[in-house]
Structures are given as structure tokens and as C-alpha cells.
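These notes concern the structure reproduced below.
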Amino acid sequence: MNITIAIFFVIGIIALVGALGVVASRNVVYSALFLLLSLIMVAGLYILLYADFLAIVQILIYGGAIVIVIFFALMLTRTREMPLRLDNPKKPWAIVASLAAFALLATTTALTHWKILVTTPERVSYQVLGRTLFTQWAVPFEIASILLLVALVGAIVIARPGGRE
Amino acid sequence: MIPLEYFLILSAALFCIGLYGVLARRNAVLILMSIELMLNAVNINLVAFSSRLAPSEFLGQIFAIFVITVAAAEVGLALAIVIRLYRNRTSVNVDEIDIMKW
């Protein structure tokens, strides 16, 4: 067995364990920590796919920003609820639905004959990526920046204390 | 080289775990965390396809960057809504929030 495939299995299993911890943990703070673990393992997967810029972005934005914001939200919305109330009473149906979705996706993946065009994957340099992002994809890039601005203003307006009730 | 199918199966598993979380959890913040898992699974798919089918165009990486941008905006807005909800109803349990249901 190839060493890369071994690394892939280790990273993949840790990512899956983290994801299961997110959905199964009885403590919301542990859930957020498991989410962080899973997201960092996904960054490892990006490195295995030769997308190292995305790996850095993943750690910066997910590990640095999103998980911290989620921690703040968990802190600000602490309730004295019983841990049992974190889960829906119709949980068995959720298990059935997600297992059925996984079975469908897995069989489709296994039955499809993928036409792999590359034998040696290549790394995209930061310069090429940045140049393409600012020339060919300049308009979507600007729209994304407007979207972020709108989300920023919207979040402030919604979470602001007082205002119209 | 790691086969494409391994990445697809892994991302399908991550996506379905996230789906389970969205369906089974009642805390709004936990549902958001599960949505993040699902978005990540989609990103793995995009990058894996891009690196195995057309690595010179890296469209999948560009797309994943935009998905991450939208995910960041979504989390910011959704958590603002959750905090507002908690202030008005002292609960983030999505079962109890039925004012728009009739």
C-alpha cells in the first residue's frame, strides 16, 4: 500500500470521527471542538489533492474565523436545557434518511466509470491562481466582496440590541 | 495517486453525517455546524474532481473559494439571527420557533 493512501486513510478516518462527534456529542462545546478537528482534517485532504492554497484558506477561515464565531454564539445562547433536548425525538428517521442518502451516493460513485484524465496530479501555483481569480473571475470576485459586505451590515443590524421589536 | 473514488466516498460520508445532524439536532447552532460539514463535503468533491479531471484549469479550486466565501457570510448572518432569536424567545430550539408556521 502506498504511503499517500495510508495518509489519506488516517486523515479521512479522523475527519469522519470528528464529524460524528459533531452530530453525536451531548455537549455543544465538544461539538464545536469536533467540528474544528474535522475542518482541519479537510485542510489535510486539500494538501493531498495538491490544493495547498485552499488548505491555508480552510485553516484561516474555518479554523480561525468560523469556529470562533460559533463558540461566541454558543456562549451567548447558553441555556439550562437538559442535554436530551439537543436531539429531535424523530431521530431514527434522520438515521434512515442519511444512511439512504449515503447508500445512493456510494453506489453511484462505485458504479460510475470515471474517466481519469491525469496520471500525475500537478500543483497550481499561487501566481496562476491569483491571476486567474483577478482576470477571468474578476466579476464573481467583486460580487463575493459585495456579498460579504452585505452579510456584515446585515449581521450588525440583526444582532444590534434595541431597535424595533 | 489516491483514486478519485476514495475522495468521493469520503465526501459522501461527511455530507450524510452533516445531513443527519441537520435532521436530528434541535439546537440552531448545532444545525449550523452540520451545514458547515455538508459545505465542506461539497468542497472536497469539487477540488477532487478538479485535480483528477482537469488540473490545468483548476475550476474546482476557484469554485471552492467562492463556496467558502458564501459559507462565511452565511455563518455570520445565521448566528446573528440565532442571537436575536435567543434574545427574543430565550431559546434556540428550532422546534419551539413556529411563529411563521400556520
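The values are calculated or read from the model by the stated rules, or taken from the named source; none is laboratory data. Because the structure is a prediction, the values reported are computed rather than measured. Backbone-built Cβ (ideal geometry, glycine too); neighbour counts: all protein chains shown. Side chains are part of the model used for accessible areas, which takes the heavy atoms of the whole protein and leaves out ligands, DNA and RNA. Shrake-Rupley method; radii C 1.70, N 1.55, O 1.52, S 1.80 Å.
For the reader, a short list of remarks on this structure follows.
- Couplings for region B:21-33, taken from phi via the Karplus curve 6.51 cos²θ - 1.76 cosθ + 1.60 with θ = phi - 60°, read x, 4, 6, 9, 7, 10, 7, 4, 5, 5, 4, 4, 5 Hz in order; Gly and Pro are left as x.
- Each peptide among B:67-78, A:138-149 gets the average number of other Cβ atoms lying within 10 Å of its residues, and from highest to lowest they stand as B:67-78, A:138-149.
- Annotation: amide H-H contacts under 5 Å for residue A:87 (H modelled 1.01 Å from N, sequence separation of 5 or more, or interchain): B:26.
- In the full protein context, region B:4-89 carries 30 Å² of accessible surface per residue, based on a 1.4 Å probe and ignoring ligands, DNA and RNA.
- Computed on the Cα trace of region A:1-79, the radius of gyration divided by the Kirkwood hydrodynamic radius gives Rg/Rh = 1.06.
- Partners of residue B:101 within straight-line reach, counting lysines whose Cα lies under 28 Å from its Cα and excluding those fewer than 8 residues away in the same chain: A:90, A:91.
- Neighbours of residue A:97, meaning other residues whose beta-carbon lies under 11 angstrom from its beta-carbon, give a summed charge of +2 when Lys and Arg score +1 and Asp and Glu score -1.
- Other residues whose C-beta falls under 15 angstrom from the C-beta of residue A:124 contribute a net charge of 0, scoring Lys and Arg +1 and Asp and Glu -1.
- Local electrostatic count, residue B:21, Cβ distance below 13 Å [Lys/Arg +1, Asp/Glu -1]: +1
- The residues of region B:37-59 occluded by other protein chains by 40 Å² or more of accessible area, set against the chain on its own, are B:37, B:40, B:44, B:47, B:51, B:52, B:53, B:55, B:58; surface from heavy atoms, 1.4 Å probe.
- For region A:124-165, the extents of the C-alpha atoms along the principal axes are 50, 17, 8 Å, listed from largest to smallest.
- Percent of alpha-carbon pairs separated by more than 28 Å within chain A: 46
- In the calculated pair-distance distribution of chain B, the portion above 24 angstrom amounts to 37 percent of the Cα-Cα pairs.
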